[in-house]
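Written out below as structure tokens is the structure these notes cover.
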Amino acid sequence: MLIRLGYDIHFEVAASVPMTAHRNVHPSRTVDLVELDQLRIEPAVRIEQYQDSFGNLTSRLLLPPGRIRPHNSFLIEDSGEPDLQDPEPEEVPVDRLPAETLRYLLASRYCEVGLLLDTATELFGNSPRGRGCVQAICDWVNQHVTFGYEHARSSKTALEVYNERLGVCRDFQHLAVIFRRCLNIPARYATGYLDEIGVLPRPPMDFSAWFEAFLHGRWWTFDARHNARASVEC
């Protein structure tokens, strides 16, 4: 199927602002593009693009003072099939993890691994290993955190989400990611377009967040907020 993706954002800045933006599909999906995926800015500014340390296509620009309009619209081809699910993908022992996955066991700005280590062990230490443990984490986060746009805060960390039990999609994923890392399964946050095709009723396709866990030699997609398989994530 062909899916049209895009955005049209309007905001105003008081002075010149250097910015980096992640507004392109991941390079792994560029082969599926039917139309050019190109960030456009009004008024026009010089845009420099590069791949960051996580492999994301990043745009670097200097915004002028005044009203700014980033926008884009393009087509991408997708099968429309739900994400793959191995019934029981196994955990990979830490000593056999690929070196490139080890960074996803560490603490980060939003995931304070050491501060929730005891909590993760208490909640999930006896859960089935592999997918069963990841799903148990998704179930717990989905049931114990309340979604609401009014709960958004750019500085909110996973520990704060655990204490407040309130948040938006990124907060659900940060808490799930930290629990996974505490239990020695690499996990990484992902953001992009999440659709409503063939899944539960959702608002129109929009920016959203999910996470990936490394099991049985590959990354698998999970979503602690909706706690359901998605058919398209770009």
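The values are calculated or read from the model by the stated rules, or taken from the named source; none is laboratory data. Just so it is clear, the structure is predicted and the values come from calculations on it, not from any experiment. Heads up, the Cβs are rebuilt from the backbone with ideal geometry, glycines too, and the neighbour counts pull from every protein chain shown.
Below, the figures for the structure above:
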item: Scope the range 66-124; condition surrounded by 13 or more Cβ atoms within 10 Å (Cβ to Cβ), among the charged types (D, E, K, R), within 29 Å of ASP206 (Cβ to Cβ) and in contact with a helix residue (DSSP H, G or I) (Cβ under 9 Å, 6 or more places away or on another chain); matching residues; result: GLU77, ASP78, GLU112
item: Number of positions in the range 69-101 that are at negative phi and either assigned to a loop (DSSP other than H, G, I, E, B) or among the hydroxyl-bearing types (Ser, Thr, Tyr) (or both); result: 19
item: Qualifying residue in the range 10-24 (condition: surrounded by fewer than 13 Cβ atoms within 10 Å (Cβ to Cβ), more than 16 Å from PRO64 (Cβ to Cβ) and acidic (Asp, Glu)); result: no
item: The range 39-84 - residue that is of a type in the set (S, T, N, Q) and free of Cβ contacts under 8 Å to residues at least 60 places away in the same chain and, of those, nearest to ALA15 (Cα to Cα); result: SER59
item: Residue check, ARG29 more than 30 Å from ALA136 (Cα to Cα) and surrounded by 11 or more Cβ atoms within 10 Å (Cβ to Cβ); result: no
item: Close pairs (6 angstrom Cβ cut-off, 6 or more residues apart or separate chains): among the basic types (Lys, Arg) in the range 113-134, assigned to a loop (DSSP other than H, G, I, E, B) anywhere; result: ARG129/GLU91; ARG131/GLU88; ARG131/PRO89
item: Among (1) crowded, with 17+ Cβ neighbours inside 10 Å; (2) at pLDDT below 80; (3) β-branched (Val, Ile, Thr); (4) in contact with a Lys or Arg (Cβ under 8 Å, 6 or more places away or on another chain) - the single one THR157 does not satisfy; result: (2)
